[in-house]
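Let me begin by handing over the structure; questions about it come next.
Here, each number is a calculation from the coordinates, and none is a lab measurement. These numbers come from a predicted model, not from an experiment. Ideal geometry is used to build each Cβ from the backbone, glycine not excepted, and the neighbour counts take in all protein chains shown.
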Amino acid sequence: MTAQTPKFVSDAAIKAAADAFAKGYDQLIAMSREQVEKMFPAAVKSFDDVTAFQKDYIDTMVTASTCMAKGYETIAKQIFAFNQKAAEASMAGAKALVGCKTVQEAVEVQGDLARKSLDQWLSESTKISELTVKVANEAITPINAKMTDAVEKFVKPMAA
């Protein structure tokens, strides 16, 4: 009988340990399932948020690129108009020089043409520089807004 008693105790101990393990395992699975169920909607929402942000960012880049293209077109037109005016002024200057009767008159006409040409060039280059800055600011504004939005949505919540 003493030989059976240890076997009986050991079967009971094994069964008790197996039951405790099974119960603990079931609790672990239930808690894990609960956590996954809680986290999954948040993960799906985060994924949806990131996907929506990426789509908005692409739209923003298209908007900025369109703005830059229109701005470059405006700048190109401005440069073309300037070059056309400069060519016309050069032709008028050449005619004025041909009409000079003395060297002194030619020097005065040439000096006047050089001054007017320089003034016109400085004026036009200032306009083009201002236009370039304006175009760059207009193009970067939607990108800055989108980056600020990204920081508000994604970075600040992680830092909190």
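Please rank 57, 72, fewest neighbouring Cβ atoms within 10 Å first, as an exposure proxy.
Numbers: 57 16, 72 13.
Ordered from fewest to most neighbouring Cβ atoms within 10 Å, 57, 72 come out as 72, 57.
When the chain is fully extended, how far beyond the present Cα-Cα distance does residue 86 get from residue 37, taking 0.36 nm per residue of separation?
10.4 nm
Ok, one more. Just tell me which lysines come within less than 28 Å, Cα to Cα, of residue 55; anything on the same chain fewer than 8 places away is out.
Here the lysines satisfying the reach criterion relative to residue 55 are 38, 45, 70, 134, 146, 153, 156.
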